Amino acid sequence: MIREDGLAGRLWRIAIWAAVVIFVLNVLAVIAVVVIDSVAARWFGTWLPPAFVTHWYSDAWADFQLSDVLIVTFEIVAAVVVIAGVLGVTAAYALARRNFPGKQAVMLIFLAPLLVPPLTYGIPLATLLYKFGFGGTMGGVILANLVPTVPFMVLVMIPFIEQIDPRIEAAARVFGASTFSLFIRVLMPLLLPGILAGLLLVMVRTIAMFELTFLTAGPTSQTLVVALYYAVFASGVRAGQEVDVMAVVYMASTLIWLLIALRFVSPTQIVSRAKQRA
């Protein structure tokens with residue numbers, strides 16, 4: 001009986017690892033195909049292209065105006081990161097340190113944009129923004145992206161704030177520290193890893209946000225992910241390799257920031273702190 005259970009457990013572990021390996025290999029194969037095709041002269045029915053070229057990158061840069069798209073993307077992302085950081089940290093501090101009637105309801109409202117698919121509230125949100133003249137503008141895209149990113153920042157920051165002993169803040173106030181001095185000199189050094197991690201994750205999330213940006217962006221306020229969407233529909237007019245170039249640029253820009261974010265915090269760290277809080 002023990003041998004049978006041991007054999008069954010071993011076979012189960014082998015099956016799980018085999019499924020993981022197959023999944024990873026499929027993902028790597030898809031990425032490899034896109035990257036190789038972005039530098040292929042032509043590629044039909046062979047394992048590798050007969051020739052490699054680099055002019056697709058310069059062609060895509062000119063045809064899809066990637067310089068303008070990247071500038072708009074970074075401007076929108078920077079604005080979302082700054083605003084979400086300020087609002088998210090202050091809201092997280094209030095929720096972590098204060099008990100008030102309806103706190104659970106407020107937490108539920110904050111978490112709703114993270115639990116509900118973006119299209120569910122994206123369409124009425126876009127309608128509202130267009131009604132008030134924000135649709136198709138950078139301001140509208142920024143406001144739309146703040147809806148999920150501020151709650152995300154709150155969710156990340158609450159465990160970091162709750163792990164700080166409130167007696168440290170009380171001691172600082174006893175010695176005459178103002179609210180501003182308390183935040184800058186006491187809380188900021190302690191919260192800096194969490195703030196930096198949250199901001200980097202917000203940055204990655206904003207770069208990758210398609211639905212809300214697509215619904216609210218105009219011709220001059222498209223981020224890289226929306227420009228990639230339109231590039232796919234231009235594949236009959238533009239060379240397919242140029243579309244792959246757009247995909248490579250998008251993957252690279254997102255991956256770089258994601259690796260930087262994971263350098264400062266890991267998902268397991270956030271989960272463990274949330275469990276400790278519970």
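Couple of notes before you dig in:
- Pairing each residue of the stretch 146-160 that is under 16 Å from LEU187 (Cβ atoms) and among the aliphatic types (A, V, I, L, M) with any residue that is outside any helix (DSSP H, G or I) and at pLDDT below 90, provided the two are 6+ apart or on different chains, yields C-beta distances under 9 Å for VAL156/VAL265.
- Of residues in the stretch 126-142 being closer than 11 Å to ALA217 by Cα and of a type in the set (A, V, I, L, M, F, W, C), the one surrounded by the most Cβ atoms within 10 Å (Cβ to Cβ): VAL141
- Residue check, ARG185 modelled with pLDDT under 85, more than 19 Å from SER221 (Cα to Cα), touching a helix residue (DSSP H, G or I) at 6+ places or on another chain (Cβ under 7 Å) and not hydrophobic (A, V, I, L, M, F, W, C): no
- The listed residue being at pLDDT below 90, in a helix (DSSP H, G or I), under 30 Å from ARG238 (Cβ atoms) and of a type in the set (A, V, I, L, M), out of ALA94, ALA29, ALA78, ALA60: ALA60
- Counting only helices (runs of 4 or more DSSP H) wholly contained in the stretch 101-182, the ones carrying 2 or more residues that are touching a Ser or Thr at 6+ places or on another chain (Cβ under 7 Å) and modelled with pLDDT of 85 or more occupy 118-131, 138-162.
Residue-by-condition table, conditions (1) within 18 Å of the chain's Cα centre (by Cα); (2) within 23 Å of LEU262 (Cα to Cα); (3) surrounded by fewer than 13 Cβ atoms within 10 Å (Cβ to Cβ); (4) not hydrophobic (A, V, I, L, M, F, W, C):
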| residue | (1), (2), (3), (4) |
| --- | --- |
| ALA170 | no, no, yes, no |
| VAL174 | no, no, yes, no |
| SER181 | no, no, no, yes |
| ALA197 | yes, yes, no, no |
| ALA252 | yes, yes, yes, no |
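- Some residue of the stretch 64-74 being more than 19 Å from VAL245 (Cβ to Cβ), of a type outside the set (D, E, K, R) and in contact with a helix residue (DSSP H, G or I) (Cβ under 6 Å, 6 or more places away or on another chain): no
- Scope the stretch 38-56; condition buried (at least 18 other Cβ atoms within 10 Å of the Cβ) and not in a loop (DSSP other than H, G, I, E, B); matching residues: ALA40, TRP56
- Residue ID - nearest to ARG98 (Cα to Cα), chosen from residues in the stretch 186-195 that are surrounded by 12 or more Cβ atoms within 10 Å (Cβ to Cβ) and of a type outside the set (Gly, Ala, Ser): LEU187
- Here the helices (runs of 4 or more DSSP H) wholly within the stretch 203-278 that include at least 3 residues being modelled with pLDDT of 75 or more are 211-216, 224-233, 240-264.
- Just one residue in the set LEU70, LEU143, LEU111, LEU125 is within 19 Å of SER253 (Cα to Cα), touching a residue at least 12 places away in the same chain (Cβ under 8 Å) and hydrophobic (A, V, I, L, M, F, W, C); that residue is LEU70.
- Residue that is nearest to LEU199 (Cα to Cα), among those in the stretch 74-104 that are touching a Leu at 6+ places or on another chain (Cβ under 9 Å) and free of Cβ contacts under 8 Å to residues at least 12 places away in the same chain: VAL82
The values are calculated or read from the model by the stated rules, or taken from the named source; none is laboratory data. Just so it is clear, the model here is predicted, and its values are computed rather than measured. Because the Cβ atoms are built from the backbone with ideal geometry, glycine has one as well, and the counts that use them run over all protein chains shown.
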